[in-house]
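Working notes, structure below.
The values are calculated or read from the model by the stated rules, or taken from the named source; none is laboratory data. Keep in mind it's a predicted model, so treat the numbers as computed, not measured. Every residue, glycine as well, gets a Cβ built from its backbone with ideal geometry; the counts of neighbours run over all protein chains shown. These area figures cover heavy atoms from the full protein model, side chains too; ligands, DNA and RNA do not enter into them. Shrake-Rupley method; radii C 1.70, N 1.55, O 1.52, S 1.80 Å.
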Amino acid sequence: MRLDLLSALNAERAARRAAIVVTDTASGVERLVKAAEISRDPLKDVLEKHLRMGKSGMAETPQGRMFLTVHVPPPRLVITGAVHISQALAPVAKLVGYDVTIVDPRTAFASPDRFPDVKVIAQWPDEALPPLGIDRYTAFVALTHDPKIDDPALLHALSRDCFYIGALGSKKTHARRVERLKGQGVTEAALARIHAPIGLAIGAVSPPEIAVSIMGEITASLRLGAEKPR
């Protein structure tokens, strides 16, 4: 790879921005397409498909046979609430490749003993979340049922470009949450980004089942985007 391409690629990776190296297999010519440039690229459709799946591979295009090397930041899951569902969700998320962080100011819950091998921050969301650099490759879930914790956490998540935001609670609970967040100046369009009740509708009851439904919905949002099921 040319030094200029490698330098540009490393800069995108350091900033947690996706990029694709397109190699013409006939000529060997390489070019770098940054995520922000894909919508204007002649190979837009095939690039978007590979980026969404996060997989490199060969592609037949109108410009010939291309090999697409996809560079996507590792996905992250930020959870507010060191609760039973979080104890089930964290290992499932780690199993499928997510870097997991749990935020909960309640030190009786947010302990390494309850969450081995997971980063746990025993601080209030307004202190803990800004340094995390939540971005478009972050899934965010609020699970405490406590507005003092979940509401400020959701306000922060909604100000970022998370690919997924979900919140635990019934439709009635979420309706009350929506009214509180509206009172904080959140728009209807922003509120529509919140998946609530959280998780796919699979009839989940136990914490492990709810964790599976949440991880399924997160995966659908990441891989299917606007096509995701409800």
Leading residue by the ranking (surrounded by the fewest Cβ atoms within 10 Å (Cβ to Cβ)) among those in region 128-175 that are out of contact with any helix residue (DSSP H, G or I) (no Cβ under 8 Å at 6 or more places or on another chain) and hydrophobic (A, V, I, L, M, F, W, C)
175
Could we say that residue 165 is closer than 15 Å to residue 102 by Cα and part of a loop (DSSP other than H, G, I, E, B) here?
no
Just need a number here: residues in region 115-128 that are in a loop (DSSP other than H, G, I, E, B) and either touching a Lys or Arg at 6+ places or on another chain (Cβ under 9 Å) or more than 16 Å from residue 143 (Cα to Cα) (or both).
5
In region 60-81, the residues that are hydrophobic (A, V, I, L, M, F, W, C) and over 19 Å from the mean Cα position of the chain (by Cα)
66, 67, 68
I'm trying to understand the selection: among the residues of region 176-213, which are of a type in the set (A, V, I, L, M, F, W, C), surrounded by 12 or more Cβ atoms within 10 Å (Cβ to Cβ) and assigned to a helix (DSSP H, G or I)?
178, 181, 190, 191, 210, 211, 212
Pairs only if they're at least six apart or on different chains, beta carbon under 6 angstrom, first in region 189-203 and within 10 Å of residue 141 (Cβ to Cβ) and free of Cβ contacts under 8 Å to residues at least 40 places away in the same chain, second open to solvent by less than 20 Å² (accessible area, probe 1.4 Å) and of a type in the set (Val, Ile, Thr); list them, first residue then second.
199/214
